[in-house]
Amino acid sequence: MAFVFSKLVTKEDPLMLHKVFGVFSLLSFIYRYFIILPKTGSLGFTGSRFDHATMAAHMILSASSIIFRVPSFRQARRPTMIWHEYRLHAILFTGRCCLVYLLALHAPHAGAGVRFCTTMIAHVFVDYVTSKHGSEGETTIRGKGNTKNDFITRMRRGYSFYQFLALGSHLTASPRAMDMGYNTIIAIQSSAFMMTLNRKGLATWQTHFKVYTLALLLSAGYIVGAFAYDYGIGFGALFVAAILGSFQIRRLGVSKYLIWASFAGAMACALNGMDALSPHALIAIRR
């Protein structure tokens, strides 16, 4: 225990700011996914002060990671050890989650164009970070993608598909839009945390894989289940099919901005073309 404590508590965080918000964030995930979700069927976001504080705490946790020294580039022999580009991406994607939450709070009936522009702001900055700090031909999720290991190939593909599922949930109108903003933070911050533990020698890549996969399953399950429950099984299946299509088109090298603009428009048209929303969605929207 003393060894673990000495590894986690460093001079880089003398006020324990990052540690305090890290503990709060962990408790936040436990509270939302293992207490609120089983009781209510949702993550419980209504725009309350507690909800504001929750999103702020997660944003502060990501932003405060900038005080630590990490490798400038991805280490080929330790790909699950955190590095500077990945850290900046984690901060920006957490910011995207907060923007989605704020848009749902202040403009719940915003059109597809507004939703697209608001959500994709983070991706413009992510692309800039990649151009300045990334390695040519390598992505933070897939790496260089030249491994011969079938398991690693499938794992990377699954992680990439989740990224599409997460972004799709942010671009699709939903009575749970605030929930959707929060829902993808668990994937972002669990991965960054496990990468940090790997860097400190407190977790192996196998542990990272198990924890991160669990986080993805929780988040992905909520996305698909929420759309199917609120809009019906048919729309839930359509949503997943559109994500799969977008994923395959992206692999052909088509611009992600063109893909996601088309996706946002298509989902808006699909919802507008429905004869009627399910009773569950109608009740949620009226609230």
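The values are calculated or read from the model by the stated rules, or taken from the named source; none is laboratory data. From a predicted model like this one, the values you see are computed outputs, not experimental measurements. Methodologically, a virtual Cβ is constructed for each residue, glycine included, from the backbone with ideal geometry; neighbour enumeration extends over all protein chains shown.
When each of A112, A53, A104 is tested for being more than 20 Å from T130 (Cα to Cα) and free of Cβ contacts under 8 Å to residues at least 12 places away in the same chain, the lone residue that passes is A53. Within region 201-227, the only residue that satisfies the criterion of being modelled with pLDDT under 95 and either over 23 Å from I152 (Cβ atoms) or in contact with a Pro (Cβ under 8 Å, 6 or more places away or on another chain) (or both) is W205. Scanning region 228-239 for residues that are surrounded by 13 or more Cβ atoms within 10 Å (Cβ to Cβ) and either under 17 Å from the mean Cα position of the chain (by Cα) or free of Cβ contacts under 8 Å to residues at least 40 places away in the same chain (or both) yields A228, F235, G236, A237, L238.
Does I35 fit the bill of being at pLDDT 95 or above, surrounded by fewer than 18 Cβ atoms within 10 Å (Cβ to Cβ) and among the hydrophobic types (A, V, I, L, M, F, W, C)? Spell out how you get there, then give the answer.
Numbers: at pLDDT 95 or above: yes; surrounded by fewer than 18 Cβ atoms within 10 Å (Cβ to Cβ): yes; among the hydrophobic types (A, V, I, L, M, F, W, C): yes.
The answer is yes for I35.
With respect to (1) at pLDDT 85 or above; (2) of a type in the set (G, A, S); (3) surrounded by fewer than 21 Cβ atoms within 10 Å (Cβ to Cβ); (4) farther than 23 Å from L27 by Cα, the lone exception for S174 is condition (3). Looking only at residues in region 173-201 that are outside any helix (DSSP H, G or I) and in contact with a Leu (Cβ under 8 Å, 6 or more places away or on another chain), the one that is nearest to C269 (Cα to Cα) is A173. Inside region 76-106, residues that are under 14 Å from S62 (Cα atoms) and of a type in the set (G, A, S) make up a count of 2. Filtered by the rule that a residue be part of a loop (DSSP other than H, G, I, E, B) and among the basic types (K, R), region 246-272 gives a lone residue, R251.
Could you please let me know if K200 is in contact (Cβ under 8 Å) with a residue 12 or more places away in the chain and surrounded by fewer than 18 Cβ atoms within 10 Å (Cβ to Cβ)? Taking the combined requirement at face value, the residue satisfies it.
Taking region 38-79 as the range and being of a type in the set (A, V, I, L, M), within 27 Å of H106 (Cα to Cα) and surrounded by 15 or more Cβ atoms within 10 Å (Cβ to Cβ) as the test, the residues that pass are L43, M55, A57, M59, I60, L61, A63. Checking region 66-88 against the condition returns no match, with no residue being at pLDDT 95 or above and of a type in the set (F, W, Y).
Out of the residues in region 57-70 meeting the condition of being touching a residue at least 40 places away in the same chain (Cβ under 8 Å) and out of contact with any helix residue (DSSP H, G or I) (no Cβ under 6 Å at 6 or more places or on another chain), tell me which one is farthest from V20 (Cα to Cα). Applying the filter and picking the extreme gives R69.
Go through L88, L92 for me and flag whichever is part of a helix (DSSP H, G or I), surrounded by 18 or more Cβ atoms within 10 Å (Cβ to Cβ) and free of Cβ contacts under 8 Å to residues at least 40 places away in the same chain.
Details: L88 fails: free of Cβ contacts under 8 Å to residues at least 40 places away in the same chain.
Only one candidate qualifies: L92.
Residue pairs whose Cβ atoms lie under 7 Å apart, sitting 6 or more positions apart in sequence or on different chains, and linking a residue in region 243-268 that is at negative phi to a partner that is surrounded by 15 or more Cβ atoms within 10 Å (Cβ to Cβ) and outside any helix (DSSP H, G or I), are M267/T172; A268/A173.
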